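*Asks:* Take this structure first; my questions come after.
The values are calculated or read from the model by the stated rules, or taken from the named source; none is laboratory data. Predicted model only: the values in this text are computed from it and were never measured. Cβ: placed from backbone, ideal geometry, glycine included. Neighbour counts: every protein chain shown. Accessible surface is based on the protein model in full, side chains and every heavy atom, while ligands, DNA and RNA are left aside. Shrake-Rupley method; radii C 1.70, N 1.55, O 1.52, S 1.80 Å.
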Amino acid sequence: MFEHASELNPEKDEGHSEDNPIDLQGVSTFEIESLLHFFDPACILEGTDDIDLQQWSAILHLCTMWSYPKLRERAMIEIETLNPSLKDYILLSRKCNVPKWLELAYNQLCQRDQPITVGEGLVLGIE
């Protein structure tokens, strides 16, 4: 995945030792751990039932950033099966460029009988 990273910025000589790792700006340790957990052979063989919404969201974010369309689609499917809140759909839609989730959330917010919650209002920019 990162075999050619040092070619992007040869002055830094990143990734050739533990003392000089590849700098993955904008990527959290949790996101990397979530992606690595998904690639763990046990997870592949036994299933992904132990991966929660936060982990799938992290996987989706990395797959969007690094252009892995098949894994991105898998993460989207898995997230949908976990029935995220409308607030989660809005946040993920914006962060990971999933327009259909934004439309879905807005439609459901407008059509439901309950008022918008404080958390939803903050996400929508309503104070």
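*Asks:* Scan (1) modelled with pLDDT of 95 or more; (2) outside any helix (DSSP H, G or I) for the single condition E31 breaks and write down its number.
*Replies:* Of the numbered conditions (1) modelled with pLDDT of 95 or more; (2) outside any helix (DSSP H, G or I), the odd one out for E31 is (2).
*Asks:* Let me ask another. Looking only at segment 112-120, decide whether some residue is free of Cβ contacts under 8 Å to residues at least 40 places away in the same chain and within 28 Å of G26 (Cβ to Cβ).
*Replies:* Checking segment 112-120: at least one residue is free of Cβ contacts under 8 Å to residues at least 40 places away in the same chain and within 28 Å of G26 (Cβ to Cβ).
*Asks:* Among the residues of segment 45-67, which ones are in contact with a helix residue (DSSP H, G or I) (Cβ under 8 Å, 6 or more places away or on another chain) and farther than 28 Å from G119 by Cα?
*Replies:* The answer is T48, and nothing else.
*Asks:* Turning to a different aspect of this structure: Out of all the residues in segment 69-76, is one or more more than 30 Å from D40 (Cα to Cα), open to solvent by less than 20 Å² (accessible area, probe 1.4 Å) and in a helix (DSSP H, G or I)? Don't jump to the end; show me each part of the working.
*Replies:* Here is the first cut: in segment 69-76, the ones more than 30 Å from D40 (Cα to Cα) are none.
Looking through segment 69-76, none of the residues is more than 30 Å from D40 (Cα to Cα), open to solvent by less than 20 Å² (accessible area, probe 1.4 Å) and in a helix (DSSP H, G or I).
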